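The block underneath contains the structure these notes are about, expressed in C-alpha cells.
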Amino acid sequence: MVNDNELKGTTTIGLVCSEGVVLATESRATMGHFIASKDAKKIYQIDDLVGMTTAGSVGDAQRLVKTMQVESKLYKMRRQETMTIKGITSLLSNILAGNRYFPFMVQLVVGGVDKNGPGLYSLDALGGQLEENKAVATGSGSPYAYGILEDRYEENMPIDDGVNLAIRALHNVMKRDAASGNGIKVTKITSEGYFEIEDSVIQEARDAFLDAL
C-alpha cells in the first residue's frame, strides 16, 4: 500500500484573466522514479469561489486543504460573509510559518474571485506569499511552463483564452518533465461560479495544438 505522505505533486499553473482566475494541473504523482498515481487530485475547492492547487507532499497538501475548508466555513458562519482571497492566503501563510521547524512540504497557489475581483497568490513551504498579477507556475515542471506563459500570456485576456493557454503550457510540460504527465485538470473561477472544465473540452484543445504543428 502506498503511503500518501510519500507521494509528490508536480506542475501547477494559475492565471489571472479579465473575468476571473484559471487553475490547472497535470495528474501524475510520483515516488522517486515510480509513478504512484496517474489520476492524482491537485486542485481543491476551498470556498464557493476559491480554489487551491498543490505541489509537493500529497499528505501535507490534503491536511492543509481540509483545514482551510473548515476555516472558510467557520468564518462565513461567524461573519455572514465570505473570506477574501487575501484573508485566506494570510491565514494559510500563518499556518505554514507556524510549522517552519517541521514544515509542510508543499508549494501552493490560491486563486479565486471575491468582492475585490480576481485574486491569485503563491505560497512556499515556510509561509512566504506573493501576490501574482499575471501568471504563476509551481512544481518540477514550472520552468517549462513559464516558457509558454511568458510568451503567450496577455493582460486582461478572456478567461476561455486563459483556459486554452493553461492547457497548452501543461501539454508542453508533459513532453519534457518526467514527473509531470497523464491527464490535465483545469478549473475556471468567475463571479458566476466555480467550474471544472470537462475532460472532453481539454482533449479537444490538446488535439487542436497537435493539428496546428
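The values are calculated or read from the model by the stated rules, or taken from the named source; none is laboratory data. Keep in mind it's a predicted model, so treat the numbers as computed, not measured. Glycine gets a Cβ as well: all are built from the backbone with ideal geometry, and neighbour counts include every protein chain shown.
In this structure, does G128 turn out to be at pLDDT below 95, at positive phi and small (G, A, S)?
The answer is no for G128.
Do the conditions hold for A24, that is, is it part of a strand (DSSP E or B), within 24 Å of Y146 (Cα to Cα) and in contact with a strand residue (DSSP E or B) (Cβ under 6 Å, 6 or more places away or on another chain)?
Considered against the rule, which asks whether it is part of a strand (DSSP E or B), within 24 Å of Y146 (Cα to Cα) and in contact with a strand residue (DSSP E or B) (Cβ under 6 Å, 6 or more places away or on another chain), A24 comes out as yes.
Does G193 meet the test of being modelled with pLDDT of 95 or more, closer than 27 Å to I88 by Cα and small (G, A, S)?
Spelling it out, G193 is indeed modelled with pLDDT of 95 or more, closer than 27 Å to I88 by Cα and small (G, A, S).
So, restricting to helices (runs of 4 or more DSSP H) that lie completely within segment 53-164, which ones have at least 2 residues that are among the hydroxyl-bearing types (S, T, Y) and over 22 Å from G193 (Cβ atoms)?
85-98, 142-152
Kindly indicate whether any position in segment 161-181 is within 27 Å of K38 (Cα to Cα), more than 15 Å from the chain's Cα centre (by Cα), modelled with pLDDT of 90 or more and surrounded by fewer than 13 Cβ atoms within 10 Å (Cβ to Cβ).
Taking every residue of segment 161-181 in turn, none turns out to be within 27 Å of K38 (Cα to Cα), more than 15 Å from the chain's Cα centre (by Cα), modelled with pLDDT of 90 or more and surrounded by fewer than 13 Cβ atoms within 10 Å (Cβ to Cβ).
In the list A36, A29, which residue meets the criterion of being buried (at least 16 other Cβ atoms within 10 Å of the Cβ), of a type in the set (A, V, I, L, M, F, W, C) and within 15 Å of K185 (Cα to Cα)?
The unique qualifying residue is A29.
Restricting attention to segment 27-52, which residues are small (G, A, S) and assigned to a loop (DSSP other than H, G, I, E, B)?
Scanning segment 27-52 gives S27, G32, A40.
Give me a count of the residues in segment 42-59 that are free of Cβ contacts under 8 Å to residues at least 60 places away in the same chain and of a type outside the set (S, T, Y).
Going through segment 42-59 one residue at a time, the tally reaches 3.
Any residue in segment 64-88 that is of a type in the set (G, A, S) and surrounded by 14 or more Cβ atoms within 10 Å (Cβ to Cβ) sitting within a Cβ distance under 8 Å of a residue that is at pLDDT 95 or above and part of a helix (DSSP H, G or I)? List the pairs, counting only those 6 or more apart or interchain.
S72/I88; G87/Y75
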